[in-house]
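Down below is the structure, laid out as structure tokens.
Quick note: the coordinates plus some simple rules give every number you see, no bench work behind them. Fair warning: this is a prediction, and the values are worked out from it, not measured in the lab. Cβ placement follows ideal geometry from the backbone for every residue including glycine, while neighbour counts extend to all protein chains displayed.
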Amino acid sequence: MIFADKIIRLRKKNGWSQEELAEKMNVSRQAVSKWESAQSVPDIDKFLLLSNLFGVTTDYLLKDEIEIEEYTDGTDEGIRRVTMAEANEYIECRKKAAVLIGLGVLLCIISPAALIVLSGASYYYGISAAVSVSFGIVFLLLLVAAAVVMFSYCGFKNAAFAYLSDEFETEYGVAGMVKEKDKEFTPFGIASNLIATCLCVLSPLPIIVAAFLGNGFEVCISVAAALILIGIGVMLYIIGTVRSTSMHRLLKDGEFSKNPNCRKSESSGKFATVYWLTATAVYLLSSLITNKWDYTWVLWPFAGLLYPIVNIIYKHVLNKNKE
């Protein structure tokens, strides 16, 4: 295999275009094109730079009789190499996990909705408070239990890819395949984030309308509707984030270029679960202690509005600690 073919192979293996390789080598794209078409060869200093850049020996680059890549000392030793099949399996696994994690967070967020509506019905329509609260709590616990099962299942399936949290290299063609999938996913990712943002911003609207036009019970229903809007928005955001994160992890770019152990998507579901369970506990305690079910529902609009802010602060603190 001649030098030109080796450069093409190594460049494509890393998923780089000629322009990207030229930028890393501090040469023009035309120079790279000439190397790959065997019209010229680089200077000795460029050979050394190519050797360091690709992690292969200079003998492999210079000697045509060496067909198999020879890695420099320490480059390949003990480092997991991810195959095309493994990369595809990981992306598909995280694609399914994205839906389950997003759905689990949605269930956690809307879990108090029935309790709020039934509490309002108890106050305004004379339904037994004990019965309404009991049914509401049962509904809440069932949804949270289902969410926990989803999170646990995703964690179990993701354990098979724990090696991606350590140093790894991708085999030939993997980076290019992942970049193509990421390019195809980008429009959906942008759309899901935009819709998620709009839903969270508009979530207080049902409460505002009900406060001006409806009675107390309609306000309770509007709070449940606001939680549903927030839940759908957060679900869409998580679906987009988990899928995008899986591809950036394989490419080792963005946040993973500096911190390969980053687990942003995994922590999102855990944070949402803790946040909404805490909000539910505060709501129940304040309502049971004061017995003011007609007033304590106002905790939910505030919880919904504060969620994005607290989530941003949480991620900032998490990233600072990892640095």
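See the values below:
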quantity: Exposure proxy ranking, count of Cβ atoms within 10 Å, fewest first, for Phe54, Phe212, Phe302; calculated: Phe212, Phe302, Phe54
quantity: Amide H contacts of Val56 (H built 1.01 Å from N, under 5 Å, at least 5 apart or other chain); calculated: Thr72
quantity: Cα-based convex hull, segment 3-62, per residue volume (Å³, whole number); calculated: 69
quantity: Rg/Rh for segment 82-193, where both radii come from Cα atoms and Rh is the Kirkwood radius; calculated: 1.23
quantity: Packing-based exposure ordering (other Cβ within 10 Å, fewest first) of Cys93, Cys220; calculated: Cys93, Cys220
quantity: Long-range HN-HN contacts of Val82 with modeled amide H, under 5 Å; calculated: Glu169, Thr170, Glu171
quantity: Neighbour net charge for Arg29 - beta-carbon separation under 14 angstrom, K R +1, D E -1; calculated: -1
quantity: Neighbour-count order for Glu184, Glu89, fewest beta carbons within 10 angstrom listed first; calculated: Glu184, Glu89
quantity: Pairs beyond 21 Å (Cα-Cα), from Lys46/Lys183; Lys6/Lys183; Lys6/Lys34; Lys34/Lys252; calculated: Lys46/Lys183; Lys6/Lys183; Lys34/Lys252
